[in-house]
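Worksheet: one structure, shown below.
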Amino acid sequence: MANGGTGGNRSSRPRIGIALGGGVARGWAHIGVLRALKRYGIEADIVCGASVGALVGGLHLAGKLGVLEEWVRGLSRMKIVGYLDLRLRQGGGLIGGDRLMAEMRLHLGDLRIEELPVPYAAVATDLATGHEVWLQDGELADAIRASISLPGVFPPVLIDGRWMIDGALVNPVPVSACRALGAQMVIGVNLAGDILGKARKPGAAIPTAAGFDLLKLIDEEMPETRSSSAIGALTRRIFRRDYEGPSLFGVMVSSLGIVTDRITRSRLAGEPPDVHIAPRLGHIGLTEFDRADDCIREGEAAVERALPDLHDALAVFATSPRESTRAPVRS
């Protein structure tokens with residue numbers, strides 16, 4: 001435990017669950033949240049994540065949070081373009097995701113969820129039924145890929161005969177999963193809570209989805225792709241902005257952001273966490289993956305703001321009766 005820790009000894013504190021919410025590029029804030037919580041001696045006994053929350057939470061439990069942080073801090077716009085394996089002629093998404101998966105498997109290998117040090121669940125959505133699915137076994141990389149499969153952007157993932165897509169569509173901050181797995185106190189990290197932050201973002205009223213003009217960057221920095229099949233006519237129609245308005249891709253991503261924001265509010269109203277951590281990230285676009293420094297810094301700041309609530313919750317739950325793990329004594 002860190003010096004001056006808040007959490008105390010594991011045997012004298014409640015079983016803590018951390019629910020890491022979805023938020024696409026804003027999810028890098030989870031790195032800062034986890035770093036700050038650990039600094040104050042608060043570590044999870046259960047981790048559940050939806051979408052990018054499943055990614056960061058899974059890599060954290062696999063001992064790869066440092067690797068992830070180094071990678072995301074090094075992302076530039078050109079590196080992001082390099083990971084976009086556009087594939088409009090096949091699959092159910094604009095981006096194949098194979099390059100990103102290769103990067104993830106390089107560090108995770110065939111690590112299975114059952115081998116993680118604490119219970120973990122990645123939330124996904126069954127494409128056929130719309131049911132919420134908690135992936136709690138099998139290869140960690142497969143579960144993460146299913147949970148982050150943003151509809152229309154990444155193709156769905158077939159797991160046990162079911163096509164899975166992004167879990168944030170049904171449970172953006174999986175507090176309920178943490179409780180079901182045995183958490184007595186749940187810390188929820190909500191990346192969609194800063195609605196006013198959107199007004200702080202300078203520039204056009206409707207910014208590009210990526211925070212920059214993707215096609216302009218490709219044409220300027222990678223002119224050899226102009227006539228390639230990878231950046232063909234259909235791709236250009238999807239990402240092109242011919243006037244001061246959003247591209248087709250921008251409309252799609254922004255609309256998904258609106259949907260998940262509304263679902264987040266509804267789910268948290270019915271299943272509130274015991275401590276709500278809400279980084280102020282509204283000024284950061286959903287696909288501005290090159291702004292990791294800002295996101296991580298704000299994740300840490302959000303924990304600092306929530307410290308009084310964390311102290312109070314830990315004090316209350318430490319004095320509450322704990323569930324017995326022993327069989328009842330028979331007379």
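Which residue is nearest to Ile80 (Cα to Cα), if the candidates are limited to segment 97-108 and must be open to solvent by 30 Å² or more (accessible area, probe 1.4 Å) and in contact (Cβ under 8 Å) with a residue 24 or more places away in the chain? This residue is Glu103. On inspection, Leu286 fails the criterion of being modelled with pLDDT under 80 and either assigned to a helix (DSSP H, G or I) or open to solvent by less than 60 Å² (accessible area, probe 1.4 Å) (or both). Only one of Leu150, Leu158 is in a loop (DSSP other than H, G, I, E, B), of a type in the set (A, V, I, L, M, F, W, C) and more than 19 Å from Val47 (Cα to Cα); which? Step by step, each of Leu150, Leu158 is checked, and only Leu150 is in a loop (DSSP other than H, G, I, E, B), of a type in the set (A, V, I, L, M, F, W, C) and more than 19 Å from Val47 (Cα to Cα).
Got a sec? Which helices (runs of 4 or more DSSP H) wholly within segment 1-96 have at least 3 residues that are under 15 Å from the mean Cα position of the chain (by Cα) and at pLDDT 90 or above?
Numbers: elements: 29-39, 52-61, 65-73, 77-83.
Of the helices (runs of 4 or more DSSP H) lying wholly inside segment 1-96, those with at least 3 residues that are under 15 Å from the mean Cα position of the chain (by Cα) and at pLDDT 90 or above span 29-39, 52-61, 65-73.
Can you name the residue in segment 289-302 that is at pLDDT 90 or above and among the acidic types (Asp, Glu) and, of all such residues, is least open to solvent (accessible area, probe 1.4 Å)? Among residues in segment 289-302 that are at pLDDT 90 or above and among the acidic types (Asp, Glu), the one least open to solvent (accessible area, probe 1.4 Å) is Glu298. Against the definition (surrounded by 24 or more Cβ atoms within 10 Å (Cβ to Cβ) and in contact with a helix residue (DSSP H, G or I) (Cβ under 6 Å, 6 or more places away or on another chain)), how does Ala121 come out, yes or no? Answer is yes for this residue.
Of everything listed in (1) closer than 29 Å to Leu310 by Cα; (2) touching a helix residue (DSSP H, G or I) at 6+ places or on another chain (Cβ under 9 Å), the single unmet condition for Arg262 is (2). Residues that are modelled with pLDDT under 75 and of a type in the set (Gly, Ala, Ser) within segment 230-283 comprise Ala230, Gly232, Ala233, Gly245, Ser247, Gly250, listed in sequence order. Tell me, which residue of segment 102-126 that is assigned to a strand (DSSP E or B) and not aliphatic (A, V, I, L, M) is farthest from Ser147 (Cα to Cα)? Selected residue: Arg112.
Note on segment 266-283: among residues that are touching a residue at least 60 places away in the same chain (Cβ under 8 Å) and outside any loop (DSSP other than H, G, I, E, B), the one that is surrounded by the fewest Cβ atoms within 10 Å (Cβ to Cβ) is His276.
The values are calculated or read from the model by the stated rules, or taken from the named source; none is laboratory data. None of the values given here were measured: they were computed from a predicted structure. A quick note on method: Cβ atoms are made from the backbone with ideal geometry, for glycine too, and the neighbour counts reach across all protein chains shown. To get the accessible areas, we keep the full protein, side chains included, count just its heavy atoms, and leave off ligands, DNA and RNA. Shrake-Rupley method; radii C 1.70, N 1.55, O 1.52, S 1.80 Å.
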